[in-house]
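Working notes, structure below.
The values are calculated or read from the model by the stated rules, or taken from the named source; none is laboratory data. Here the structure is a predicted model, which means the values were calculated and not measured. As a convention, Cβ positions derive from the backbone with ideal geometry for all residues, glycine included, and neighbour counts pool all protein chains shown.
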Amino acid sequence: MKVTQYLKQADGPLVTIEIIPPLKGVGIDSIYKSIDPLMEFKPIAINVTYHQEEYEFRKMPNGLHKRCSVRKRPGTVGISAALEYRYNVEAVPHLICGGFTKEETENALIDLNFLGINNILAIRGDPANDETSFTPEPDGNVYALDLIRQIADMNEGRYLYEELDNATQSDFCIGVAGYPEKHFEAPNMASDLKHLKQKVDAGADYIVTQMFFDNRMFFEYERRCREIGIEVPIIPGIKLLAVKTHLNILPSVFKVNIPEELSAEVEKCRDNKEVREVGIQWCIQQCKELIAHGVPCLHFYTMGKSYGTRKVLEALF
Ligand code: FAD
């Protein structure tokens, strides 16, 4: 069933969780171990992130260094299929523009369709780890908008390049990313929102936001989205602050602000056990306020860790 169908039928806030594939060589049991403790809260969907190649320089026998690509966390599609089978839950694989030609994207969509996976989060992807700006593949999708258009085309039975007789129409439900504190490349919020509106007009069915720790950012973002005519559901992305180093890592990697009140509490902690408790309590209050506001769903970035998310869910439901 589509994520949006669950949202329409719900009479209370729903839960989705997001996991990352394990490092290459690690078995799928590590994923199950992180998800099992959360299943009693009946998440309607489990998102599985996609990780494009990273680049590293390897020393060759002749002493020269060669730039080699490595996929450190492969397996998004396989994990998605395994989750649907094991938990009878919707899997939402993330599909990115980076590293894919349009034809490879089409083939990935055909695979997903054959697997019966019909929810996708369509995103652009970040710049490669050794680049400062995003470089699409030659003949790849440049923005998430282009990827959404390709998926929407397939939903209409339009495939690339060839006229196919009686081509099967897919029926993908398309989620997209939104940024309550603005995407870091956008010159301003108005510009970022204009591009978000284009994604929705092109066929995006719902929005999942980047993490934020101050609900006022989300409320204002939602208000501005509605003001420019974005009517699809907006699902807040929730992340638990769990260790002291998050005070620096989260702003630097995800370009989000940590409220002074939260960072002051964290600074006072003597160890990460105390930090985790502060993070859990903050998150519970954040979620309670979001639920009271009427959000349709809470999306938890678990990053493969279930302890804190479980504590929050126990307090909420
Ligand atoms: P886009 O919507 O394409 O926007 C990128 C930037 O370009 C924005 O600044 C936007 O304003 C601008 N822009 C958009 N369209 C145009 C246009 N037509 N002309 C000019 N400018 C334009 N990354 C991963 O690698 N794997 C994942 O699994 C993953 N999952 C994510 C899940 C969520 C919920 C979120 C919020 C992010 C996720 N990301 C993931 C990170 C994401 O790939 C990055 O934030 C990326 O930099 C932007 O992706 P996007 O889809 O928002 O891009």
Item to complete: Collect the residues in the range 14-41 that are away from the ligand (no atom under 16 Å from the Cβ), buried (at least 19 other Cβ atoms within 10 Å of the Cβ) and over 17 Å from Asn119 (Cβ atoms), keeping them in residue-number order.
Response: Ser34, Leu38
Fill in: Qualifying positions in the range 42-83 - among the charged types (D, E, K, R) and surrounded by fewer than 17 Cβ atoms within 10 Å (Cβ to Cβ)
Lys42, Glu53, Glu54, Glu56, Arg58, Lys59, Lys66, Arg67, Arg71, Lys72
Discussion item. Anything in the range 79-104 that is over 23 Å from Thr4 (Cα atoms) and part of a helix (DSSP H, G or I)? List them, or say none.
Written reply: Lys102, Glu103, Glu104
Worksheet item: Given the residues Val232, Val208, which is the only one that is assigned to a loop (DSSP other than H, G, I, E, B) and of a type outside the set (Gly, Ala, Ser)?
Response: Val232
Fill in: Total residues in the range 231-245, condition surrounded by 20 or more Cβ atoms within 10 Å (Cβ to Cβ) and either within 16 Å of the ligand (Cβ to nearest atom) or over 29 Å from Tyr6 (Cβ atoms) (or both)
7
Discussion item. So Asn129 ticks every box in (1) within 22 Å of Glu18 (Cβ to Cβ); (2) away from the ligand (no atom under 13 Å from the Cβ) but one. Which box is left unticked?
Written reply: (2)
Practice prompt. Considering only the range 48-77, state which residues are away from the ligand (no atom under 12 Å from the Cβ), under 12 Å from His94 (Cα atoms) and hydrophobic (A, V, I, L, M, F, W, C).
Written response: Val77
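Tell me the residue from Ala122, Ala91, Ala81, Ala45 that is within 11 Å of the ligand (Cβ to nearest atom) and either modelled with pLDDT under 95 or under 18 Å from the mean Cα position of the chain (by Cα) (or both), please.
Numbers: Ala91 fails: within 11 Å of the ligand (Cβ to nearest atom); Ala81 fails: within 11 Å of the ligand (Cβ to nearest atom); Ala45 fails: within 11 Å of the ligand (Cβ to nearest atom).
Matching residue, one of Ala122, Ala91, Ala81, Ala45: Ala122.
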Discussion item. Testing Asn166 on (1) of a type in the set (S, T, N, Q); (2) within 12 Å of the ligand (Cβ to nearest atom); (3) at pLDDT below 95, one condition comes back false. Which one is that?
Written reply: (2)
